[in-house]
Structure formats: structure tokens, C-alpha cells
Amino acid sequence: MQCQPQALRPTAAHQYTRPSTVERLRAEVCSNGELSFLMEAHDGLSARIAERSGFKGLWASGLSIASSLGFRDANEASWSQLVESVERIVDTTEVPVLVDGDGGFGNFNNARLLARKLCQAGAAGVALEDSCFPKMNSLIGERHPLADIDEFSGRLRAVKDRVAEHLLLVARIEALIAGHGLNDAVLRAHAYADAGADAILIHSRERTADEILSFVTEWGNRLPVVIVPTTYYQTPVSAYRDARISTVVWANHSMRAAAAAMRRVCDSIAAEESVASIEPHIAPLSEIFELLRYDELALAEQQYLHPR
Ligand code: SPV
Ligand code: MG
């Protein structure tokens, strides 16, 4: 069974007329020449704020979603909890959402089930990484065993067969994270391209972009390249434009911004036993009401609840 693309789901009239989200994500991630940016979202509010800032696509980050739920990014949150979070993100925005699907929560069968559920939830794409279940976040520790290339290629093929063109499939390579080196990363990229991936995400946790740029040179743009410059944040994006990288993912910055702001505010309220001094430093409620379109509800009430 293949899932229906969001544009064909009979949920809202406007969904019939706009291009499907997967087409829009494909244009962002796979557009030749233009560098695109995906902003992290982990819930409806962070998604709406990122959209308001002008981002044309979102990254439903596993780390950020897990953190917001109080889980560690080690597959502690279940696939259905991920799908629920993605549903909130998708429902709150119009822009396409690329979902961080970790390794697919198991083997090919778990991966294709996850892909179908994400598709039904309205996601535009999924990134699957060649890690073993349970995964560990790439930026912590040394325990990052890699999946066998053929086994992971099978996961990709199963997802492609299940959701076909209705979900963009990004194959994420963890070889550099696991210390396997450039040759293994390039070998994997070719295998995953052969398995049907639409784009390659190459991840690194170096403090410079050197190994990413070496990969891109070796890879030669057979498929578009997505990167996640969390640790090599000082590299200017012009380096990525010059290297003809397709997409930059700002992977966790709203979650970290929220954590820093919440800590400051909680510390201050606890110390002062008052909220008076923090009032100018937090979002006014009017901003929250505006972000979540309370005005639309008032108009709808006039139309449906109290028609004249
Ligand atoms: C995420 O945002 O969950 C990612 C990127 O996968 S990283 O945390 O660097 O692994
Ligand atoms: Mg992740």
C-alpha cells in the first residue's frame, strides 16, 4: 500500500490547489545551484516561528523532538511519538517538513512502516541514517556502530518501494562520525544512490568543514548534498555555495535557544519570587495569540457559531 501525498488528502480545501509538499521540498533540497536552508522545529510553536522567519522548509530534528519530550536522542522516543510530533509540526505550518527518521527504528520493515506513517502525517521527506538500533546522537560519545552497507541499502529500497515519489528520501551517512574515513563515506554514498536515495546527507562533528568539503569534492554531486553544520558553525555559508552543496540544516538552534531562555527566566523568577522583572524579556501573550491565529478562530465563530 502506498500512502497518499498530502496534497490529495481530503483534509483542507487549500491542500488541493497548492503543489504537494514533497515537490516543494524537492525544489528546496534538490534544486541545482541555489543553497537552501532548513530550520529545526520540534513542535507546533517552533515550526510556526521558523516559518514566520521566512524559512522555506523545516527539519523535524530527532534530537530536538526527543529533548522537548524529555528523552535522550538514543531512540528513547518511539516511532509513534516521533510521528505525533511531526503531525503537530505539519499541521501548524505550510512549508515542507523533512523528518529526521534516525535509522528507521529497526530493519527495513520498521523503516518502511515509519515512512508510510510519516507520509500519512503529511511529512514531505525523511532522512534515514546508516546507524544501528538503538542509535546514539552523533555529537556525543564514541558508540556509533555503522549498519552494513547492503542491509542499509535494503532499508532505503524498502522505503522507496513503499512511499515512492510521495516522500523525499535522504540517505544520511555516519561514516565520518564513526571514524571510518572518507573512502567509506563515498562508497556508502554511491551504494545509497543506487538504492534510490534522492539526496545524501553527510554528517561530521569536526570543528571545521574540511572533511565535508573533501567529501563533496570526491562525490562530485551525483546526488544533491545536505549538511548539518552544528559543530563547524564558524564556516561561512559562502563556502557551501562555492562547493555547490544543496542544503544546510540548522538542526537544533530553536530548541537550544528555548532551553537557554527558559533557564534564565526560571532562575530569575525563583530568585526574585516575582515575574515583574522578566516581563519585558519574554514574548507578550499577544504575540502567542497572533502566532497561533486566534483571529482566525474569532472570524470562524462569526461564520459558523453566530451566523447573521
Ligand atoms: C538531529 O537534529 O537530531 C540530528 C543532527 O540528527 S545531530 O544532532 O547532529 O545528529
Ligand atoms: Mg537526529
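Tell me, which residue of segment 19-63 that is farther than 19 Å from GLN120 by Cβ, in a helix (DSSP H, G or I) and aliphatic (A, V, I, L, M) is nearest to ligand 2 (Cβ to nearest atom)? Restricting to residues being farther than 19 Å from GLN120 by Cβ, in a helix (DSSP H, G or I) and aliphatic (A, V, I, L, M), the top hit is LEU63.
Of all residues in segment 29-61, those being closer than 27 Å to ARG244 by Cβ, at pLDDT 95 or above, open to solvent by less than 20 Å² (accessible area, probe 1.4 Å) and within 16 Å of ligand 1 (Cβ to nearest atom) number 9. The condition (being without any contact (Cβ under 8 Å) to a residue 60 or more places away in the chain, part of a helix (DSSP H, G or I) and open to solvent by less than 20 Å² (accessible area, probe 1.4 Å)) is satisfied by just one residue among VAL216, VAL265: VAL216.
Condition (residue is under 12 Å from the mean Cα position of the chain (by Cα) and more than 16 Å from ligand 1 (Cβ to nearest atom)) applied to segment 76-88: is it met by at least one residue? Scanning segment 76-88 turns up no residue that is under 12 Å from the mean Cα position of the chain (by Cα) and more than 16 Å from ligand 1 (Cβ to nearest atom).
Within segment 219-236, the set of residues being under 19 Å from the mean Cα position of the chain (by Cα) and touching a residue at least 24 places away in the same chain (Cβ under 8 Å) comprises LEU223, PRO224, VAL225, VAL226, ILE227, VAL228, THR230, THR231, TYR232.
With respect to (1) more than 16 Å from ligand 2 (Cβ to nearest atom); (2) open to solvent by 30 Å² or more (accessible area, probe 1.4 Å), the lone exception for LEU139 is condition (1). Assessment of segment 287-306 against the conditions (basic (Lys, Arg) and assigned to a helix (DSSP H, G or I)) yields no matching residue.
Take the conditions in the same structural domain as GLY70 (by TED's automatic domain parsing), surrounded by 20 or more Cβ atoms within 10 Å (Cβ to Cβ), within 24 Å of LEU98 (Cα to Cα) and not hydrophobic (A, V, I, L, M, F, W, C) and apply them to HIS190. Does it pass? When the stated conditions are applied, HIS190 does not pass them. The set of residues in segment 273-298 that are open to solvent by 100 Å² or more (accessible area, probe 1.4 Å) and more than 33 Å from the chain's Cα centre (by Cα) contains only GLU273.
Among the residues making up segment 69-82, those that are part of a helix (DSSP H, G or I), within 16 Å of ligand 2 (Cβ to nearest atom) and either open to solvent by 20 Å² or more (accessible area, probe 1.4 Å) or not assigned by TED's automatic domain parsing to the domain that holds GLY141 (or both) are LEU69, TRP79, GLN81. If you filter segment 118-134 down to residues that are in contact (Cβ under 8 Å) with a residue 40 or more places away in the chain and open to solvent by 10 Å² or more (accessible area, probe 1.4 Å), you find that the one that is nearest to ligand 2 (Cβ to nearest atom) is SER131. Being open to solvent by less than 10 Å² (accessible area, probe 1.4 Å), away from ligand 2 (no atom under 16 Å from the Cβ), closer than 22 Å to HIS203 by Cβ and assigned to a helix (DSSP H, G or I) is a property that ALA66 lacks. Checked across segment 233-252, the condition of being loosely packed, with under 15 Cβ neighbours inside 10 Å and among the aromatic types (Phe, Trp, Tyr) holds for at least one residue.
The values are calculated or read from the model by the stated rules, or taken from the named source; none is laboratory data. Model, not experiment: these values are computed from the prediction. No Cβ is skipped: glycine too gets one built from the backbone with ideal geometry, and neighbour counts run over all protein chains shown. Accessible surface is based on the protein model in full, side chains and every heavy atom, while ligands, DNA and RNA are left aside. Shrake-Rupley method; radii C 1.70, N 1.55, O 1.52, S 1.80 Å.
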